[in-house]
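What follows is a single structure, written as structure tokens, with notes after it.
The values are calculated or read from the model by the stated rules, or taken from the named source; none is laboratory data. Not measured: the values here are computed from a predicted model. Don't worry about glycine lacking a Cβ; one is built from the backbone with ideal geometry, like all the others, and counts go over all protein chains shown. With ligands, DNA and RNA removed, areas are computed over all heavy atoms of the protein, side chains included. Shrake-Rupley method; radii C 1.70, N 1.55, O 1.52, S 1.80 Å.
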2 protein chains.
Amino acid sequence: MRHARLVGAFARRAAVAAAVAVPITAACEPEPAQLRATQAPVLCASAAAAAPAKPAFPPPAPPVGAPDTVPTSKRQRDMEALVCELQDSICSALEDVEGAPSRGGKRFQEDTWLRGSDGHGGGGRSRVLQGGRVFEKAGVNVSIVRGVLPAAAARQMRARGKDMTVRPGADGLPFYAVGVSLVLHPRNPKAPTAHANFRMFEVRDWDPVEGCERARWWYGGGSDLTPSFLDEDDARHFHSTLKAACDKHGSELYPEFKRWCDEYFNNTHRALPGDDGERRGIGGIFYDDFGDTVMSAKEAEERSEEGGGKAFDFVCDAGRAFLPAYIPVLVRHVDEPFTEEDKRWQQLRRGRYVEFNLVHDRGTKFGLHTPGSRIESILVSLPETARWEYQAEDPPKDSAAGRLLEALRRPREWA
Amino acid sequence: MRHARLVGAFARRAAVAAAVAVPITAACEPEPAQLRATQAPVLCASAAAAAPAKPAFPPPAPPVGAPDTVPTSKRQRDMEALVCELQDSICSALEDVEGAPSRGGKRFQEDTWLRGSDGHGGGGRSRVLQGGRVFEKAGVNVSIVRGVLPAAAARQMRARGKDMTVRPGADGLPFYAVGVSLVLHPRNPKAPTAHANFRMFEVRDWDPVEGCERARWWYGGGSDLTPSFLDEDDARHFHSTLKAACDKHGSELYPEFKRWCDEYFNNTHRALPGDDGERRGIGGIFYDDFGDTVMSAKEAEERSEEGGGKAFDFVCDAGRAFLPAYIPVLVRHVDEPFTEEDKRWQQLRRGRYVEFNLVHDRGTKFGLHTPGSRIESILVSLPETARWEYQAEDPPKDSAAGRLLEALRRPREWA
């Protein structure tokens, strides 16, 4: 990763992007005291301190495509800068855990891609670490895309349907999406898999009453943990770190987003009599339609320098809480001894991870059914290896594996 | 398998079932010369000859549930007997290839299951061989179920929508489904995976013009081959054996069903510029809505002893062609040497198999979204192990793996 290579097409456009790119330090600019109080000091401090000691990542120009895909508002610029910042800080911290190449540690490999052959419509910057000492497979991807959303895809994308009207004469809904998405599969079965995602969507639809174009945007995302064995200290640490980040923005947020996470990451097809499904993991937070804002396109343009406001402040804190929530859990287990049976159980759990992502996950389904989406980036979430046995027996109830299964079937409170 | 155990509930109902069960030898009874000419003599002869030499399978009583789930027509009895016959003959032939337990060969393990706690609604008989010498995982399942189909599930089930009207006051469409389904994953990467399925559906809907209940039934199924390496002799043998079975019933069938198979088993989300997707395998035959018949429920009752006619004759031949199509291919490769790289490539192909089954397969989606369906039987189709790498490179074009990939992207004619 330290020697990341910009592919030709992206390099050519970097100069264009640089003209509008916001320096990362200015992203999520304190809009006064509130944000300052909500920053995750540990992470910011460690990222800042680490920077001079290492070869820097390439300039954090957002991986935009052609000139017509540059951000058009402070809200978009800020979110693009945030997702690039998170990609940088998370990859850097994970490489620290992975360890030096001389000890067998692998680096992230970067590749940038453009949507369509000419880069109109945006692109992405993928960073993947495969076959590492600590990570079997880890992907941390940024994407920024613009396009037209077919009505069917729009339905699948939204957690809660809102009436959206296609502009008379148009093919669908013009949209803009920016996000960072990561899935980390450690090799050691005692070390949990983690997933996080932070994104903003904007859609243009039509106000049939006023007869004008309407702008609508909102944030979605979250972080969740998928261990193969239950470790209650891990669960409490992960959840309480996320809760602290949420609580700064309102005490109602964590309980709602924790419950939403348990509801969303649920393999309902694995329900047994007496429960409503088997959760993918022990949860975390999940939110969608956050900071949902609607106004006429004309008003949105006039207010384009206002930024994402309090909703964006929350997204910054939630995103920056990922590393302090996960890294201590990861580090505790990365060199823990394990047996072949532990590995087999991890592989069976990986099978469940694949089931959730391919059968239920809205983001994956959206990608698989959107023409022109980049399949490698979507399926980087799948583990390197997975296993399915017919009628595999449940582990003993009093084992860490059995306690995990119980927590997946009946989610608990951890913070 | 030889010492298959009938679970309690099934055993209690076996006596009821026996009263209506058709002896297997009488199934698909020649309804004159036509069928006699179309029987697959090799398979029937070998099955008959093998029977006395081995401990017999348990009596082929269809795994029906409570008394209200017994077949109500010759058409249903015949199909139930056919699927049980195919399950027996296929398991027996596969155990022969697997080899004697003294040489490390495994046997099929049988379990029977009832739908719902009381067996109302039918059940199934699953036979699974795991961790064998030849087979990593092989499942051959019979199921016979009755229920009420929610309108949404009805839509997903049908390849080509037909207007079906729910009887006024009813919750959905009463249905009956009988089928045998098998997926065989050999251990050796040079030996292809095979899949086959033979089923009949019946639905009762409402004729809004005549104001009466209407009966509708049809057959679906097929066989297809999924190698990891292209062997043209295998492809020709597999396809020409299926073609010969089809040709007895009309020369138009094989070309249509071969094309349908290529269209259906297609990972469209893996399309590259210039192709329309990556087929799961090198195809075979696939058919649905075959012998589609509609009449008033009253007429159907009056004609209940007529059987499935020519459509059923075809299904018998297609089903009995599976073993002669697959076994020679399997036997040729089962002890072939292979490298670690061959195994890795097989595991990546297994990943694609999982993708197709979880993302696209209508039968799997139908099962995953039907309350009360038996998840273990549905997901027995998944391989024991699978692998995903980010941006795995294509194998060289002039290798057997590269030639396979080319045939998956641009299906060829083999017979």
Checklist entry - What is the one condition in (1) open to solvent by less than 10 Å² (accessible area, probe 1.4 Å); (2) of a type in the set (A, V, I, L, M, F, W, C); (3) closer than 30 Å to residue B:213 by Cβ; (4) out of contact with any strand residue (DSSP E or B) (no Cβ under 7 Å at 6 or more places or on another chain) that residue B:407 does not satisfy? => result (3)
Checklist entry - Of the residues that sit in the stretch A:323-341 and are of a type in the set (Val, Ile, Thr) and either within 12 Å of chain B (Cβ to nearest Cβ) or farther than 27 Å from residue B:354 by Cβ (or both), which one is surrounded by the fewest Cβ atoms within 10 Å (Cβ to Cβ)? => result A:331
Item to check | Filter result for residue A:276 (of a type in the set (Asp, Glu) and free of Cβ contacts under 8 Å to residues at least 60 places away in the same chain) | outcome: yes
Next on the checklist: Kindly evaluate residue A:240 against the criterion of being touching a residue at least 12 places away in the same chain (Cβ under 8 Å), of a type in the set (Ser, Thr, Tyr) and open to solvent by 20 Å² or more (accessible area, probe 1.4 Å).
Outcome noted: yes
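Conditions tested, residue by residue: (1) acidic (Asp, Glu); (2) at pLDDT 60 or above; (3) assigned to a helix (DSSP H, G or I); (4) over 20 Å from residue B:390 (Cβ atoms).
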{"site": "A:42", "(1), (2), (3), (4)": "no, no, yes, yes"}
{"site": "A:51", "(1), (2), (3), (4)": "no, no, yes, yes"}
{"site": "A:61", "(1), (2), (3), (4)": "no, no, no, yes"}
{"site": "A:76", "(1), (2), (3), (4)": "no, yes, yes, yes"}
{"site": "A:91", "(1), (2), (3), (4)": "no, yes, yes, no"}
{"site": "A:94", "(1), (2), (3), (4)": "no, yes, yes, no"}
{"site": "A:112", "(1), (2), (3), (4)": "no, yes, no, no"}
Checklist entry - Being within 27 Å of residue B:97 (Cβ to Cβ) and crowded, with 20+ Cβ neighbours inside 10 Å, is that true of even one residue in the stretch B:393-402? => result yes
Item to check | Close pairs (7 angstrom Cβ cut-off, 6 or more residues apart or separate chains): within 12 Å of chain A (Cβ to nearest Cβ) in the stretch B:115-132, modelled with pLDDT under 80 and open to solvent by 50 Å² or more (accessible area, probe 1.4 Å) anywhere | outcome: B:116/B:372
Checklist outcome for this item: Note on residue B:76: of the conditions (1) surrounded by fewer than 22 Cβ atoms within 10 Å (Cβ to Cβ); (2) more than 29 Å from residue B:329 (Cβ to Cβ), unmet is (1)
Checklist outcome for this item: Those residues of the stretch A:213-227 which are in contact with a His (Cβ under 8 Å, 6 or more places away or on another chain) and open to solvent by 10 Å² or more (accessible area, probe 1.4 Å) amount to A:226
Checklist entry - Are any of the residues in the stretch B:193-206 in contact with a Pro (Cβ under 9 Å, 6 or more places away or on another chain), of a type in the set (Val, Ile, Thr) and closer than 19 Å to residue B:311 by Cβ? => result yes
Checklist entry - Any idea how many residues of the stretch B:255-293 are hydrophobic (A, V, I, L, M, F, W, C) and open to solvent by 30 Å² or more (accessible area, probe 1.4 Å)? => result 4
Next on the checklist: Could you go through the stretch B:212-228 and let me know if any residue there is of a type in the set (A, V, I, L, M) and under 17 Å from the mean Cα position of the chain (by Cα).
Outcome noted: yes
Item to check | Scope the stretch A:342-369; condition open to solvent by less than 30 Å² (accessible area, probe 1.4 Å), of a type outside the set (A, V, I, L, M, F, W, C) and touching a residue at least 60 places away in the same chain (Cβ under 8 Å); matching residues | outcome: A:342, A:346, A:349, A:350, A:353, A:355
Checklist entry - From A:70, A:97, which residue is away from chain B (no Cβ under 14 Å), among the β-branched types (Val, Ile, Thr), surrounded by fewer than 24 Cβ atoms within 10 Å (Cβ to Cβ) and over 26 Å from residue A:146 (Cβ atoms)? => result A:97
Item to check | Scope the stretch B:294-311; condition crowded, with 22+ Cβ neighbours inside 10 Å and within 30 Å of residue B:244 (Cβ to Cβ); matching residues | outcome: B:308
Item to check | Number of positions in the stretch B:342-369 that are under 19 Å from residue B:196 (Cβ atoms) and away from every other protein chain (no Cβ under 14 Å) | outcome: 0
Checklist entry - On the given criteria, is residue A:386 away from every other protein chain (no Cβ under 14 Å), closer than 26 Å to residue B:347 by Cβ and surrounded by 19 or more Cβ atoms within 10 Å (Cβ to Cβ)? => result no
Checklist entry - Any idea how many residues of the stretch A:133-147 are within 13 Å of chain B (Cβ to nearest Cβ) and either farther than 23 Å from residue A:81 by Cα or open to solvent by less than 10 Å² (accessible area, probe 1.4 Å) (or both)? => result 6
Next on the checklist: Please determine whether any residue of the stretch B:281-289 is at pLDDT 95 or above, under 18 Å from residue B:352 (Cα atoms) and aromatic (Phe, Trp, Tyr).
Outcome noted: no
Checklist entry - What do you reckon, is residue B:372 more than 22 Å from residue B:133 (Cα to Cα), within 14 Å of another protein chain (Cβ to nearest Cβ), out of contact with any Asp or Glu (no Cβ under 8 Å at 6 or more places or on another chain) and part of a loop (DSSP other than H, G, I, E, B)? => result yes
